[in-house]
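Okay, structure first, notes after.
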Amino acid sequence: MKHYLQFQDFTADEYEYLLKRATLIKQKFKGYVTHHTLADRTLAMIFEKASTRTRVSFEAGMYQLGGSVVHLTTGDSQLGRAEPIEDSARVISRMTDLVMIRTFGQDKIERFAAHSRVPVINGLTNEFHPCQILADIFTFIEHRGSIQGKTVAWVGDGNNMANTWLQAANLLGFKVHVSTPSGYGIDEQLAFSGRPYDKGCYQLFSDPQEACKGADLVTTDVWTSMGYEEENEKRKKAFADWCVDLDMMAVAKKDALFMHCLPAHRGEEVQAEVIDGPQSVVWDEAENRMHVQKALMEYLLIGKQG
């Protein structure tokens, strides 16, 4: 049994399979071809953080695979009434086949997984967002081919997305240019969870414009992630120069793509002219969450398929 708690939980070979499988699954979806590989299987979705794309993509995806879904929040279950997470894991995993959790600290999902009898998927934590980066890489491949050897510019907060991009670069052979305001940088040990990594997989830049030079992909996220709302005004001041604008896109490669995991705040972390412009693939990126997660759920439950 495998869990998917951070990007580096899988090997490069596993990602090669997942990305190819997601392509097939998406083709079937577009062609209205039934793909019920998870008939009679049940996914439990546990939300401690609000969600739009994560809920819709997992729920719709599981139904499209022929399975069913149980939706739980802290407000309508014992999870919000101080039941130990270990006890919740033991019970929920006896009644379902797969669990997706969207929560705050990574320690919570790791404790749940340690006591679960079924695979557990990280739908987002403060530290990592592996399903999103899997979708982003799939989207890049759709539009530009292999990401190996390419350069991704990360402009903004050294958050869960930045951490996961670093893991992906280390594993799949591309480079990340990271530019964050002072005091909001990445933590290497946290990003790689203390595991060995190639320090050449990323480079730090104090100037976001410099980080975007020659990039194949420019990507960002909101300045204030869920759980940090009390810092919003402080962050707006600190991040003022880290808005992805047309000037940044102009120094990237001519055919560079722009991505954002959404929701986006136009005029803050990205100019409207960029996210709504011709280089933006954010809507493909959002849809692709569903397709890669279908491949992921299928793999965790029934392994590689011919």
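The values are calculated or read from the model by the stated rules, or taken from the named source; none is laboratory data. Note that this is a predicted model, so its numbers are computed, not measured. Positions of Cβ are backbone-derived with ideal geometry, glycine not excepted, and every protein chain shown enters the neighbour counts. Just so you know, the surface numbers come from the protein's heavy atoms only, side chains and all, with ligands and any DNA or RNA stripped out. Shrake-Rupley method; radii C 1.70, N 1.55, O 1.52, S 1.80 Å.
Details
- Entry note, the stretch 159-286: relative contact order of 23 percent, from Cα contacts under 8 Å with a spacing of 6+ residues.
- Sequence-separation-based contact order of the chain, relative, with Cα cut under 8 Å and 6+ spacing, percent: 20 percent
- Cβ-Cβ distance of A39 and F104, R₀ of 22 Å, FRET efficiency by 1/(1 + (r/R0)^6): the value works out to about 0.05.
- In nm, spacing of pseudo-spin labels at K2 and Q27 (7 Å Cα→C-beta vector): 2.2 nm
- Where a label projected 7 Å from the Cα of H143 along Cα→Cβ would reach, residues of the stretch 187-231 with amide N under 17 Å: 212-222
- Under 19 Å from the Cα of K304 - aspartates and glutamates, other chains or at least 8 residues apart: D9, D13, E14, E16, D40, D97
- Radius, Kirkwood style, for the stretch 1-136 when every pair of distinct Cα atoms is counted (Å): 15.5 Å
- Estimated FRET transfer efficiency (D87, V56; beta-carbon r; R0 30 Å; 0.05): 0.55
- Note that the stretch 177-306 shows a convex hull volume over its alpha carbon atoms of 165 Å³ per residue.
- Long pairs among K254/K294; K2/K28; K108/K237; K30/K108, criterion Cα-Cα beyond 30 Å: K254/K294; K108/K237; K30/K108
- Calculated diffusion of the chain, Stokes-Einstein form, Kirkwood radius summed over Cα pairs, 37 °C and 0.692 mPa s, µm²/s: 167 µm²/s
- When you restrict to C-alpha pairs under 8 Å that are six or more residues apart and normalise by the size of the stretch 36-129, the relative contact order lands at 30 percent.
- Ignoring the sites themselves, the chain has its longest run without chymotrypsin sites (Phe, Trp or Tyr not before Pro) in a DSSP loop having at most 15 other Cβ atoms within 10 Å at 105-227.
- Legend: residues L262, L246, sorted from most to least accessible area (1.4 Å probe; ligands, DNA and RNA excluded), read L246, L262.
- Amide H to amide H distances under 5 Å link T73 with F47, where only residues 5 or more positions off or on other chains count and H is placed in the peptide plane.
- Accessible surface of I101 - all protein chains present, 1.4 Å probe, nearest 10 Å²: 10 Å²
- FRET efficiency for E273 and D76, using Cβ-Cβ distance with R0 set to 41 Å, rounded to 0.05: 0.50
- Cα shape, the stretch 115-259, gyration tensor, a/c 1.5 rule: oblate
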